[in-house]
Each structure stands twice: as structure tokens, then as C-alpha cells.
């Protein structure tokens with residue numbers, strides 16, 4: 001049994017601070033709030049060197065000391081992480097921005113950033129001896145956990161709204177998961193899963209109901225810091241549904257600060273939502289610490305159709321503490337943005353990721369983003385998972401046709 | 001204008017050896033055979049060190065000295081290459097194989113290995129001042145060239161059989177390509193494209209009709225060598241349609257040999273085809289140097305539905321010279337293989353890639369593959385691009401359902 005040399009100390013409540021063990025299954029705190037993982041960063045700062053990363057594998061496991069898995073044999077990996085940061089000179093120039101980048105989470109197993117949470121979450125579940133995982137999902141998380149679950153030999157029970165991206169169903173099935181559809185939203189699926197957990201004692205992998213998914217998402221922040229040579233960019237935009245990514249990125253940056261690997265400056269974090277489902281934006285505009293359930297939510301960016309996130313207060317906290325902001329865009333604006341980024345930069349983003357360029361346009365106009373700011377858009381998935389977003393008549397040619 | 005320090009010398013005919021310039025547009029040789037790129041490998045051997053790669057970007061451009069692009073500014077890149085080599089312990093154990101690996105080309109822009117050919121091909125086209133690219137395609141190559149073309153500012157005219165994977169149409173459209181569908185095979189599309197080329201002088205990017213796509217595919221061979229620490233594996237299996245990948249891998253290994261970066265041993269190269277379209281397998285069985293047009297071809301692995309490849313003689317040559325072989329599998333066998341690899345290893349391969357595990361099973365049974373051979377299956381794309389391969393009824397749950 002080879003140690004990863006993880007600096008994990010344990011779990012603590014994100015609201016009341018109560019401590020829990022990371023060597024047994026724990027979900028939410030008694031007080032109902034999500035648990036977070038703590039590390040011995042003082043020791044990490046002394047022992048771990050940036051140069052140690054140089055010859056590491058180009059997966060998120062290069063940061064294994066800052067991840068919660070304690071034994072190498074429990075790592076479930078199919079090549080996830082170190083996604084490229086791609087300059088967007090043409091799309092940037094249209095908005096008079098000199099340093100616009102896209103970190104492309106489409107180039108990862110399962111085609112979305114959900115692979116990060118699943119890789120770390122499933123690995124830790126394996127370490128904890130879990131045999132059945134269950135979750136409600138807007139599609140991609142369920143697909144990713146099913147896939148990693150298959151590799152780990154863990155059974156998955158997935159409940160998904162029928163409107164979720166159709167391809168994600170096929171991934172669950174290919175991986176051998178037990179999949180159910182619901183005529184409703186992820187919140188409806190969550191209630192069904194909750195009853196299943198109570199009845200069968202399954203491992204509840206719902207967003208933020210287990211503490212390790214966020215550790216996987218955290219690696220996006222670690223990678224951005226490393227990819228910018230430990231000089232963090234000025235702005236990071238993130239399409240926000242459950243918000244685990246923005247919480248994870250913030251947690252990563254704070255941990256790197258504590259280790260002295262980055263300086264005092266933090267990027268301004270921007271939560272981008274669809275106008276049809278913008279609970280975080282509303283709460284931000286009203287300077288609230290928590291959001292209110294967004295009634296009758298609707299958007300083509302289905303992955304961020306989350307009317308009320310369990311970690312909303314952590315998302316808002318990350319925004320406030322980094323002098324960030326929250327912006328919403330319409331489905332029309334995101335469709336136009338998707339087209340511009342694909343046609344000028346050759347990057348076919350998912351609809352959720354496309355909200356970001358629309359948001360950048362607004363924030364450049366408002367002055368929140370300056371012309372020479374380094375701006376990173378976190379495209380959370382590959383456009384190929386959402387073929388229905390592109391609609392067009394395609395002409396047929398006869399065999400003897402002339403072009 | 002920053003030089004890449006490419007060691008490119010020029011082009012030569014793969015059949016008659018006639019030389020051509022790589023600084024002007026050249027397609028086939030006068031004799032009708034494909035042109036290949038030559039490099040000054042003697043100088044490369046003296047000047048380039050394996051250690052130079054250590055701090056290179058984890059994209060295929062880490063090998064830029066062995067690629068045909070001469071100026072950095074012409075490189076069109078969105079993070080392609082250095083795809084993971086993933087061990088398959090469970091799927092291997094089922095066949096009593098100790099060292100079975102899958103190199104996953106699904107984790108790349110556009111979700112298939114076609115991105116490699118497109119990245120290098122489009123970059124060189126940009127360097128040569130091309131304004132319009134055209135090609136017949138079974139889907140994924142057209143998608144990839146459209147996407148890279150968009151980033152390069154080059155117009156794409158794509159002709160595709162209506163049976164090609166539907167998602168690839170959407171990629172072409174998203175990228176702004178001019179797309180046409182044909183009720184026929186890629187060979188029918190090729191005739192239409194050929195007339196368009198003759199009429200308009202467009203750049204013909206058909207398989208092997210321009211010399212640079214193969215240089216992109218070559219990087220799979222370079223990566224495998226580097227990822228196995230310059231001790232090449234014993235067997236590499238490749239799903240073979242046009243065969244550019246196997247030709248490219250062979251070319252890469254020969255170049256590395258000439259530079260002294262790998263020893264005398266070469267992996268045995270295995271071309272895997274569908275029983276419904278197996279011209280290379282037939283030719284191999286008959287010890288022929290070229291294949292015969294495969295009439296009425298049909299397979300669910302549409303990407304390898306290529307009844308007669310322009311480079312068939314190069315594929316066969318690579319097989320013969322490495323003591324390799326050629327194997328065909330049925331659609332039923334590939335479907336079963338896809339299921340095993342997804343359910344036991346968490347890797348959702350494309351149907352073309354799934355042929356490989358079925359072939360490994362046959363070759364392990366025949367003794368061609370020994371239990372401790374290091375075997376690499378080159379999965380050419382992500383299963384998510386082929387959602388229709390997975391068919392199943394999915395149960396619905398009512399809102400008040402109990403799991």
C-alpha cells in the first residue's frame with residue numbers, strides 16, 4: 001500500500017466549523033451545511049516544492065498531496081486534468097481585450113469538468129469502502145460518476161431529468177449504471193435520491209453532500225495558477241449552477257496562498273448564470289449572503305439550471321471576498337457568443353461555457369474588465385455533448401453534382 | 001517571425017521517390033502516389049535531445065522540430081495531443097494479458113484523433129497561404145478541419161455521407177464550414193470534391209492527397225515512444241480505414257530509430273478492420289501489396305468504412321515490415337468489446353476503437369499476443385460522438401417514487 005503523501009487532516013463544517021473524520025463516510029454537518037476538507041498546509045509549505053511538479057503526470061493527480069486520497073491504489077484515473085489554456089486573440093480583439101483565454105474542460109474524459117469531481121470523489125469513495133453511489137444530476141455529473149464508478153467497481157444509481165443532455169444517458173448506460181428519468185428538475189430528482197439514501201444507506205454523491213467532489217474541482221484553480229506560472233490572472237469567469245467549481249477554485253487559491261505559492265492578489269471571480277435561472281445573480285445584486293429558490297427556471301444551458309444551490313453562500317462568499325461579480329445572460333446572447341467563439345477561435349463550447357463570452361462582453365462594456373486584464377473563461381464542457389444547440393438545414397448533393 | 005526550428009527538408013513520393021518542395025502547395029506525385037515529408041534527421045540526431053522535451057507544452061507541438069511547420073506564428077493549436085495511455089488491468093485480466101493499455105484519443109479537441117491531422121495540416125496550409133480547404137469525410141476529419149480552419153481563418157468546404165456521425169455535422173456548422181451531404185459513401189463524396197478542386201483550385205485535403213495530415217498523425221507514434229520512456233511496446237493495434245494513423249505511427253518510429261532515440265525493436269503493428277469493410281485484411285491474407293475495392297461495404301464503425309484507401313500499400317508495408325498482422329471483427333464483436341471496456345475500465349470508446357479489444361481477444365487466443373506483451377490499443381475517438389451505438393429503454397420514475 002503506497003501512500004500518496006496527502007496532507008489531508010480531516011473535514012470541517014463550512015458554516016459552524018465542527019470537525020469530522022475523513023477516514024469514515026461523512027456527508028453534511030449536523031447543522032445541514034456542506035463539509036470541506038482541511039490539509040496540513042504548514043507542513044505542505046515546508047515540504048512540497050513547485051519544482052516537484054515538473055516531472056509529474058499531466059493529470060490532476062500531479063497535486064496528489066493536496067487531494068484527499070491517502071493510498072495510491074485507490075486512485076481511479078483515466079487521464080483527467082491539465083486541460084489547455086487557450087488564447088482567444090480574435091474573440092478578445094472584438095471586445096478590445098488583449099489577454100482573453102479559455103480553459104477548455106471539454107478536453108477531459110467524459111467531455112466535461114464533471115470528470116474532476118468524479119475522479120476524486122469516486123477515488124475517495126473507493127478508499128472509504130463504498131459499494132453503491134447515487135445522485136440526482138443534470139446529466140454530466142451522473143455520466144462522469146458512472147464512468148469512474150465502473151472503473152472503481154462501484155455501483156451507480158443515477159436519477160436525471162428527462163430534459164438533460166441525451167448523450168449523458170448513453171454514458172451512464174455504457175458504464176453499466178442504473179439510470180432513471182424524471183419529468184422534472186434536478187431538485188425533484190434530488191428528493192427521490194434522498195429517499196433512496198434513507199432507505200438503502202447508499203452513498204449520497206449529490207452536489208456538496210459529500211466533501212470530495214469539490215476537491216476534484218479545486219484542481220482547476222491549482223492548474224490555472226500553475227499554467228500562469230503562479231501569477232494568477234485578473235478575472236476568472238465560471239458558469240454557475242451548483243457552484244462547486246467556483247467554490248473549489250477559491251479554495252485552491254486560498255490554499256496556495258497559505259502555502260506561499262501565490263501572492264496576495266486573487267483573481268476576481270465571476271459567477272455567470274442564465275437569465276432564466278439566476279438565483280446567485282439576484283442574491284449578489286441584493287448583497288445577500290444566500291440565494292432564494294428561483295421559480296420556473298428555464299434555459300438552454302441546462303447544466304446551470306439549478307434553482308437553489310446548497311453551496312450558494314460559499315459561492316457568494318467567494319465572489320465578495322475577491323471583489324468579483326455575478327452576471328446573467330439570455331439564451332440568445334449565449335447562442336450568439338457560442339457562434340462567435342466557434343467561428344473565430346475554433347472552439348466549440350458547451351452552452352454553459354458560451355455564457356461566459358457573453359458575460360465578458362457585458363463586463364468589458366461596463367469597465368469591470370479592463371483592456372489589459374488577463375481574463376480566463378472556464379468552458380466547462382465540449383460542445384459535441386450538446387448537438388441540438390446547433391440547428392440548420394444542410395443541403396444535399398447528387399452524385400453528379402458540381403460544387 | 002519566430003522559427004520553429006523544424007528539420008523539414010522537403011517532400012518525396014512514397015512510390016517513385018521523386019522530390020518536391022514543401023514551400024509551395026503540392027498534393028500527389030505525378031505518378032499518382034502520396035507525398036511524404038522528409039527531415040534532416042542526421043542534424044536532428046546531433047542537435048535535439050530527449051531532455052529538451054521535458055519543459056515543453058503537453059501538446060503535439062512539443063515535437064515541433066519533427067513537424068513540417070516552419071514559423072511559430074503559423075501554428076494553429078487548441079491544446080491537441082499528449083493523450084493519456086491508460087492501463088486496462090481488468091479488461092486485460094479477462095484475456096490473461098498483464099500489460100494491456102489504451103491510448104485515449106477521445107481526450108483531444110473535437111473528440112477524435114482527427115484533430116492531430118487537422119492541427120498540423122491546417123497549420124501548414126496556413127503557412128502555404130491557402131484560403132479554401134475542401135475534403136470528403138466520414139465525419140470526424142471534416143469536423144476537425146472545419147474547427148482548425150475556423151481558427152486559422154481558412155474557409156472549409158466539406159462533403160459528407162448522410163450516414164456519417166450526426167454530431168460531426170454540427171461541428172462543421174458551428175465552425176462556419178460549408179457542409180454538404182451525399183446519399184453515398186466517402187468515395188462518392190471524393191468524386192464530387194475532386195471536381196470542385198479541378199474547377200475552383202481549392203486545396204484538396206482528402207486523405208493522403210496533401211502530405212501534412214500524416215505528420216500530425218505521426219505524433220501518436222512519437223507520444224507512445226515517449227510515454228513508454230523510449231522502450232516501445234510490443235504490439236500497437238489501430239482501427240484502419242484510410243490508414244493514415246498506422247502509416248504515421250510507422251513513419252514516426254522509423255524517424256526515431258534514425259535519430260537513435262529508440263532501438264532496433266519496433267512494435268508489431270496491427271490493422272483492425274470491420275468484417276463488413278476489410279480490404280486491408282483481405283490483401284494481407286493474400287500477401288498482396290495493395291488492396292482491392294471492397295464492394296458493398298457496411299459496418300457500424302462508420303469511420304473505418306473505407307472500401308479502398310489511397311495509402312493501402314503503405315499500410316500493408318508497415319504491417320509486413322514490423323511482423324504485424326491484420327484482423328477483422330464483426331459488428332457484434334465490437335459491440336460486445338465496447339461494453340466490456342466501458343463497464344470494466346470506465347472508458348467509453350468509439351465503435352472504431354472498440355474493434356481493437358475484440359481483435360486483442362482473437363490475437364491472444366491465436367498466440368500472436370503473449371501474456372506479458374505490452375499491448376497498446378489506439379482508441380481513435382470518444383464514445384460520446386456515437387450515442388446511437390448504445391440502445392436501451394430507460395425507466396421513468398414518478399415524483400413520489402421510491403428507489
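Computed from the coordinates by the stated procedures, all read-outs in this text should not be read as laboratory data. A quick note: this is a predicted structure, and the numbers were derived from the prediction, not measured. Here the Cβ positions follow ideal geometry from the backbone for every residue, glycine too, while neighbour counts run over all protein chains shown.
Observations on the structure shown:
- Most fluctuating residue given options B:264, B:65, B:290, as computed from a GNM of chain B linking Cα atoms under 10 Å: B:264
- Cα-only Debye scattering, chain B: base-10 log of I(q)/I(0) at q = 0.06, 0.07, 0.12 Å⁻¹: -0.22, -0.30, -0.90
- Taking B:202, B:230 and counting other C-beta atoms within 10 Å, the order from fewest to most: B:230, B:202
- Highest-MSF residue in chain A out of A:68, A:161, A:279 [GNM, Cα springs under 10 Å]: A:161
- Per the Cα gyration tensor, the stretch B:1-152 maps to an equivalent ellipsoid with semi-axes of 29, 21, 18 Å, ordered largest to smallest.
- Separation of the stretch B:348-372 and the stretch A:278-327, taken as the distance between their Cα centroids, equals 49 angstrom.
- Per residue, the protein assembly as shown reaches -11000 deg cm²/dmol at 222 nm when only DSSP H runs of four or more residues are counted, each adding -39500 (n - 2.57).
- Annotation for the stretch A:27-96 versus the stretch B:204-274: alpha-carbon center distance of 33 Å.
- Neighbour-count ranking [beta-carbon atoms within 10 angstrom, fewest first] of B:82, B:160: B:82, B:160
- Relative contact order of chain B, taken over Cα pairs closer than 8 Å and 6 or more residues apart, is 17 percent.
- Computed FRET value (nearest 0.05) for residue B:162 with residue B:321, which takes r as the C-beta separation and R₀ as 56 Å: 0.90
- Its residue count N sets the reference 2.2 N^0.38 Å, and the alpha-carbon radius of gyration of the stretch B:135-214 equals 0.98 times that reference.
- As a ratio to 2.2 N^0.38 Å, the alpha-carbon radius of gyration computed for the protein assembly as shown takes the value 0.91.
- With the cut-off at under 17 Å, measuring from each backbone N in the stretch A:255-270 to a point 7 Å along the Cα-to-Cβ line of residue A:40 picks out A:259.
- Counting from the shortest, the label point at residue B:298, 7 Å from Cα toward Cβ, is 4.4 nm from the same position in each remaining copy.
- Cα-derived Rg over Rh, computed across the stretch A:117-258 with Rh taken as Kirkwood radius: 1.01
- Mean Cα-pair separation over length for the stretch A:159-199, i.e. relative contact order, pairs under 8 Å, 6 or more apart, %: 50 percent
- Fraction in percent of alpha-carbon pairs per bin - 5 Å, the stretch A:242-324: 3, 16, 25, 23, 16, 9, 6, 3, 1
- Inter-copy label distances at residue A:23, shortest first and taken from points set 7 Å along Cα to Cβ: 6.9 nm.
- GNM top mover of A:129, A:81, A:92 - chain A, alpha-carbon springs below 10 Å: A:129
- 17 Å cut-off, amide nitrogen to a point 7 angstrom out along residue B:370 Cα→Cβ, residues in the stretch B:69-111: B:96-100
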